[in-house]
Amino acid sequence: MTISGRCPLDQGARTPLHQLFPLPSLPLVCAVLAAMLLLHAGVATAHAQGRSRSIPVPENDTPVAPATRQPYVPPPPPRSTPAPASEPAAPDPLQPDEDPITERYYQALEQHKKGNFAEAMALAESVYKARPATKVSILMARVAMEQSDYINARLRVSQILAAEPTNKSALVLSGDIYLRQKEFIKARASYDLAIKNDKRERKDEADPDIILKLIYTALGQKDIATASQLHRYLDQQDQFKPNYYFGKAAIAYALGKPAAADAALESGRSVYDLTVFSDYLADYMRFYPTTIPIRQKKGPTASGAEDSGSGLGQPRGTAATEIGSAGNAPAPVSPTIPTPRRPTSPTAP
């Protein structure tokens, strides 16, 4: 195969290098250099951003532990020095007393407890005028009952029940007023409503004081069977209230067993505090006489017991005749019991 033409080198003539390989122009070179610089700057920036993302720096300038297999445990916070204990502040000698109205209410309660019913009523009325409240109205109704002002007492209780039909204290007080007046059917209805509106649903958990008063109302209606059934709800082991013994004594007396009634009272007297026992004895003696010799503390219930027709430690004689028995034989409770009357001036304890 024959190649036509001749190579310039074969001719012996030397051709300049810039003719064989022509160089680019100056603007092109500058553009290439600028592109290379921009590319280098972009690579450097990306590398710097990559490092900043891979190693986070917390805001509180806490040094970051290197990536190891065990987790980093920050150093414990510095211990704070506990503040020195401050001494208790001395009482302010100019500190005002308690609320005078509340204090007056407690004074009315105290006077009622002592049997000073006129003073108690005056204090309670002043409290009610300054700050009407249900408990103050209940206290006024109870004081009126102790003064044998049953019309005023029932009026106040009716006003309370009109506004609060389920008020347990008002229902119990309503039953107490009817029981004092020997209206046993109405008293029983009020006590039943009080138990119905009590938070305790079961009857064996009802207020033992209400159960005892229901026994009195049942015996007043000569319903000894119901009274005996109610007595089963009373706890003989009650550490605070002797209701069990008084209920047992009342049933025994209604059955014509006065000796057994006195024996039950004597058992309760040996267990409970004298003041507590005497308060229950006062209510008991409104219906049943007793020969239990006991010195009572003066008070609303004690003074009522002394006015019920049979003083403490006295024989049955007159009291048994008032209840309706013939001769010296005891008889069950009868609605013909006279209403007890209060003394005009209470005796100081």
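For region 160-272, the helices (runs of 4 or more DSSP H) that sit wholly inside it and include 2 or more residues that are of a type in the set (Lys, Arg) are 168-180, 184-196. Checking the conditions here, which among Lys241, Lys199, Lys213 is within 30 Å of Ser158 (Cβ to Cβ), loosely packed, with under 15 Cβ neighbours inside 10 Å and out of contact with any strand residue (DSSP E or B) (no Cβ under 6 Å at 6 or more places or on another chain)? That would be Lys199, the only listed residue that is within 30 Å of Ser158 (Cβ to Cβ), loosely packed, with under 15 Cβ neighbours inside 10 Å and out of contact with any strand residue (DSSP E or B) (no Cβ under 6 Å at 6 or more places or on another chain). Among the residues in region 220-229, are any surrounded by fewer than 22 Cβ atoms within 10 Å (Cβ to Cβ), under 21 Å from Met121 (Cα atoms) and touching a Pro at 6+ places or on another chain (Cβ under 9 Å)? Within region 220-229, none of the residues are surrounded by fewer than 22 Cβ atoms within 10 Å (Cβ to Cβ), under 21 Å from Met121 (Cα atoms) and touching a Pro at 6+ places or on another chain (Cβ under 9 Å). Taking region 273-292 as the range and being assigned to a helix (DSSP H, G or I) and of a type in the set (Asp, Glu) as the test, the residues that pass are Asp279, Asp283.
Residue selection: Leu171 satisfies the criterion of being within 25 Å of the chain's Cα centre (by Cα), closer than 19 Å to Lys199 by Cβ and free of Cβ contacts under 8 Å to residues at least 60 places away in the same chain.
None of the figures in this text is laboratory data; all of them are computed from the coordinates on show. Owing to the predicted nature of the structure, the values given are computational and were not obtained by experimental measurement. Note that we place each Cβ from the backbone using ideal geometry, even for glycine, and neighbour counts take in every protein chain shown.
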